[in-house]
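To keep things clear, I will list the structure first and then write my remarks on it.
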Amino acid sequence: MRPIIVAPSILSADFLHLGDAIEMINRSDAEWVHCDIMDGHFVPNISYGMPIVRAIRPATQKLIDCHLMIERPELYIEAFAQAGAEMITVHQEASPHLDRLVEQIHSLGCRAGVAVNPSTPVELLVDLLDKVDMVLVMSVNPGFGGQKFIPRALDKVRRLRRLAPDLLIEVDGGGNAETGAKLA
């Protein structure tokens, strides 16, 4: 059985008490800290950026997973790596040059992920599956927390598993005990 990695998103944290949220993650069995980076262009919301990643880096030994829901991610990858990201995920829909982005992320010593929105077929990633460390399947439309899980994400995960049996797959959005059990 493939391992399940828990990666709580700090997007839902009370930013007045972000240190407390990181400490709670540190005490938990979670293995990663997930950072949802939104620019107000690629998605209709704005979250936070490199200063938050830089602030939490010394406060945790957990892997920092930065999910860039931004336009022109190639302009910011190096800054997120320098801020302390260890996994950097870019969206298939954000760049026509995914191969170049994956190489850029790897050249900075980070793991590389590619995300796909709910309406994007995972089959578009076939030529990259041997180069990425992870594929993130969006199970909600990116840009806002608290959305309902889109059930067709389960089929996307199954199709992706058939295409790349050993690939790490991350699912983002609408998570709860019921959807987690179905995904596992």
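The values are calculated or read from the model by the stated rules, or taken from the named source; none is laboratory data. This is a predicted model, so every value here is computed, not measured. Glycine gets a Cβ as well: all are built from the backbone with ideal geometry, and neighbour counts include every protein chain shown. These accessible areas exclude ligands, DNA and RNA; they are computed on the full protein's heavy atoms, side chains included. Shrake-Rupley method; radii C 1.70, N 1.55, O 1.52, S 1.80 Å.
Would you confirm whether or not segment 65-77 contains a residue that is open to solvent by less than 10 Å² (accessible area, probe 1.4 Å) and either of a type in the set (D, E) or at pLDDT below 95 (or both)?
yes
Pick from segment 108-143 the residues that are in a loop (DSSP other than H, G, I, E, B) and touching a Ser or Thr at 6+ places or on another chain (Cβ under 8 Å): which of them is surrounded by the fewest Cβ atoms within 10 Å (Cβ to Cβ)?
Out of the qualifying residues, it is P118.
Would you mention how many residues in segment 1-15 are surrounded by 13 or more Cβ atoms within 10 Å (Cβ to Cβ) and either farther than 21 Å from L68 by Cα or in contact (Cβ under 8 Å) with a residue 60 or more places away in the chain (or both)? Show your work before the answer.
The first filter runs over segment 1-15 and keeps only residues surrounded by 13 or more Cβ atoms within 10 Å (Cβ to Cβ), leaving 5-11, 13.
Right, trim to either farther than 21 Å from L68 by Cα or in contact (Cβ under 8 Å) with a residue 60 or more places away in the chain (or both) and you get 5, 7, 9, 11.
Residues in segment 1-15 being surrounded by 13 or more Cβ atoms within 10 Å (Cβ to Cβ) and either farther than 21 Å from L68 by Cα or in contact (Cβ under 8 Å) with a residue 60 or more places away in the chain (or both): 4 in total.
Do you know which residues across segment 115-128 are farther than 14 Å from S139 by Cα and in contact with a strand residue (DSSP E or B) (Cβ under 8 Å, 6 or more places away or on another chain)?
L124, L125, L128, listed by residue number.
Among the residues of segment 91-107, what is the count of those that are part of a helix (DSSP H, G or I) and open to solvent by 10 Å² or more (accessible area, probe 1.4 Å)?
Selection size over segment 91-107: 10.
Looking only at segment 16-57, which residues are without any contact (Cβ under 8 Å) to a residue 24 or more places away in the chain, more than 20 Å from T179 (Cβ to Cβ) and open to solvent by 60 Å² or more (accessible area, probe 1.4 Å)?
L16, H17, D20, M24, R27, I46
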